[in-house]
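A short worksheet on the structure shown next.
The values are calculated or read from the model by the stated rules, or taken from the named source; none is laboratory data. Just so it is clear, the structure is predicted and the values come from calculations on it, not from any experiment. In this analysis, Cβ positions are derived from the backbone assuming ideal geometry, glycine residues included, and neighbour counts consider all displayed protein chains. Quick note on the areas: whole protein, heavy atoms, side chains included, nothing else; ligands and nucleic acids left out. Shrake-Rupley method; radii C 1.70, N 1.55, O 1.52, S 1.80 Å.
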Amino acid sequence: RRRIGTIEGLGDLSHASVVYGRDGARAYVFGRDGALTKVNLRSGRIEARVQQAGNSIGGAISQDGTLVVAQNYTPGGIKVFNADTLALVADIPAVVDGKPSRVVGLADLPGNRFIYSLFDAGQIWIADLSVPASPVLSKFEDIGKQPYDALLTPDGRYYIAGLFGEDGLAKIDLWAAKPEVKRILPHYGRGETPL
């Protein structure tokens, strides 16, 4: 094991995350400072960089590799970029009852769709970006208090969001004819001091 290169100029990397292009030749770095950087892993050089938000904690790439999506704390919402150029394709605010929400738990779904949680609003949204300039949103409300980290099962069937504000998790069966949120593992932290 040895280091074969160093890439500088990526900004604040505390809580940063990386997703990789489908060909494995590109990496997309989501910095805590809200910057999105496209890195060529073969040349070890930055190909493009945009300051897309004030505070970002991650992102995802579409299954066809054409779209990169950033999830943002400040100002909240998600932003969708062309994976080749990093040109902004769509800006989808996460505003509920006039209040912006931080976005967490972003994951890609088949058909250029993305699922994510709204920490401050207690909701889960699915953005259908099959026509990127005209996103279609599906919203699941009252899913629990303060969803934060989430996961998609390897088969792509279940999206499960942990709840920071209560003792339990929220699960959606994405293969159901009419997906709905079900609460699972209530009181799994029983006997522990609540966080």
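Below are the figures for this structure:
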quantity	calculated
Qualifying positions in segment 40-59 - within 13 Å of SER14 (Cβ to Cβ) and either open to solvent by 20 Å² or more (accessible area, probe 1.4 Å) or among the aliphatic types (A, V, I, L, M) (or both)	ASN55, ILE57
Unique match (being more than 16 Å from the chain's Cα centre (by Cα), under 28 Å from ASP155 (Cα atoms) and of a type in the set (A, V, I, L, M)) among VAL39, VAL80, VAL104, VAL136	VAL136
First in segment 39-50 and part of a loop (DSSP other than H, G, I, E, B), second anywhere and among the aliphatic types (A, V, I, L, M) and surrounded by 15 or more Cβ atoms within 10 Å (Cβ to Cβ), Cβ under 6 Å, 6 or more apart	LEU41/ALA27; GLY44/ILE7
Flag if ALA70 is within 11 Å of the chain's Cα centre (by Cα) and part of a strand (DSSP E or B)	yes
Where LEU10 falls short, out of the listed (1) part of a loop (DSSP other than H, G, I, E, B); (2) open to solvent by 50 Å² or more (accessible area, probe 1.4 Å)	(2)
Residue match in segment 180-191 (condition: in a loop (DSSP other than H, G, I, E, B), open to solvent by 30 Å² or more (accessible area, probe 1.4 Å) and of a type in the set (A, V, I, L, M))	yes
Strands (runs of 3 or more DSSP E) lying entirely in segment 74-173 (those with 1 or more residues that are surrounded by fewer than 18 Cβ atoms within 10 Å (Cβ to Cβ) and free of Cβ contacts under 8 Å to residues at least 12 places away in the same chain)	136-140
Criterion (out of contact with any strand residue (DSSP E or B) (no Cβ under 7 Å at 6 or more places or on another chain) and among the hydrophobic types (A, V, I, L, M, F, W, C)) met by exactly one of ALA177, ALA127	ALA177
Test: THR37 is open to solvent by 10 Å² or more (accessible area, probe 1.4 Å) and on the phi < 0 side of the Ramachandran plot	no
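This table checks each residue for (1) basic (Lys, Arg); (2) modelled with pLDDT of 95 or more; (3) closer than 26 Å to ILE126 by Cα; (4) more than 16 Å from the chain's Cα centre (by Cα).
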position: ARG1; (1), (2), (3), (4): yes, no, no, yes
position: GLY11; (1), (2), (3), (4): no, no, no, yes
position: TYR20; (1), (2), (3), (4): no, yes, yes, no
position: ALA35; (1), (2), (3), (4): no, yes, yes, no
position: GLN51; (1), (2), (3), (4): no, yes, yes, yes
position: ILE57; (1), (2), (3), (4): no, no, yes, no
